[in-house]
Amino acid sequence: MSTQLYQALDALAGGLTDFMTEGADETWRQDGYPTFTFTTLTADRLLFGFRVRYGMDANAPDPIYNVKVDHRHKTAKVLLVDTLKGYRHVKDGDGETDAEEAAALATEMRRRRQAGGVEVERFCH
């Protein structure tokens, strides 16, 4: 489990525990960029990443990370990576690169939001 990924998601959410407790589901739109989603699935699972237009599908993943969060230990682990080429399950011990890439994406999206021009739709379950 990655502390770095947890910290990046926590910063992106403005408080990951509260975000997930609320059951928050956000869609971000910004001119020139694909749609970004940041969605609570369960109390300890979330997805985040891009939805792109691919052929007739306006919601193809590229990439979307499915992440398990351990709030008590403040760690997160990538379980699945879904892309235009298909998806793959991340096995124990093989997820360090995926966690680094996911953390980098979360950090970049936080930077974009802070820079402005991002329209955020937020729903809570």
| request: Could you tell me which numbered condition residue 64 fails, if it satisfies all but one of (1) assigned to a helix (DSSP H, G or I); (2) open to solvent by less than 20 Å² (accessible area, probe 1.4 Å); (3) out of contact with any helix residue (DSSP H, G or I) (no Cβ under 9 Å at 6 or more places or on another chain); (4) not basic (Lys, Arg)? | output: (1)
| said: Anything in region 1-36 that is closer than 27 Å to residue 91 by Cβ, in contact with a Lys or Arg (Cβ under 6 Å, 6 or more places away or on another chain) and crowded, with 18+ Cβ neighbours inside 10 Å? List them, or say none. | reply: 6, 12
| task | Exactly one condition in (1) touching a residue at least 12 places away in the same chain (Cβ under 8 Å); (2) β-branched (Val, Ile, Thr); (3) in a helix (DSSP H, G or I) is not met by residue 97; state its number. | result | (1)
| request: Working only within region 103-125, note down all residues that are farther than 26 Å from residue 42 by Cβ and of a type in the set (D, E, K, R). | output: 111, 112, 119
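Looking only at residues in region 88-102 that are within 15 Å of residue 47 (Cα to Cα) and either touching a helix residue (DSSP H, G or I) at 6+ places or on another chain (Cβ under 6 Å) or surrounded by 13 or more Cβ atoms within 10 Å (Cβ to Cβ) (or both), which one is modelled with the lowest pLDDT?
So the first thing to find is which residues in region 88-102 are within 15 Å of residue 47 (Cα to Cα), and the list is 88-90, 98-99, 101-102.
Applying the additional criterion that residues be either touching a helix residue (DSSP H, G or I) at 6+ places or on another chain (Cβ under 6 Å) or surrounded by 13 or more Cβ atoms within 10 Å (Cβ to Cβ) (or both) yields 90, 98-99, 101-102.
Details: 90: 85, 98: 88, 99: 90, 101: 92, 102: 94.
Top of the filtered list is 90.
Between 84, 12, 79, 46, which is hydrophobic (A, V, I, L, M, F, W, C) and at pLDDT below 90? Reasoning before the result, please.
Values: 12 fails: at pLDDT below 90; 79 fails: at pLDDT below 90; 46 fails: at pLDDT below 90.
None of the others qualify; the one that does is 84.
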| Just a yes or no: is a residue in region 44-58 open to solvent by less than 40 Å² (accessible area, probe 1.4 Å) and over 15 Å from the mean Cα position of the chain (by Cα)? | no
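The values are calculated or read from the model by the stated rules, or taken from the named source; none is laboratory data. Worth saying up front: this structure is predicted, and the values here are computed from it rather than measured. For neighbour counting, all protein chains shown are included, and Cβ atoms are generated from backbone atoms with ideal geometry for every residue, glycine included. To get the accessible areas, we keep the full protein, side chains included, count just its heavy atoms, and leave off ligands, DNA and RNA. Shrake-Rupley method; radii C 1.70, N 1.55, O 1.52, S 1.80 Å.
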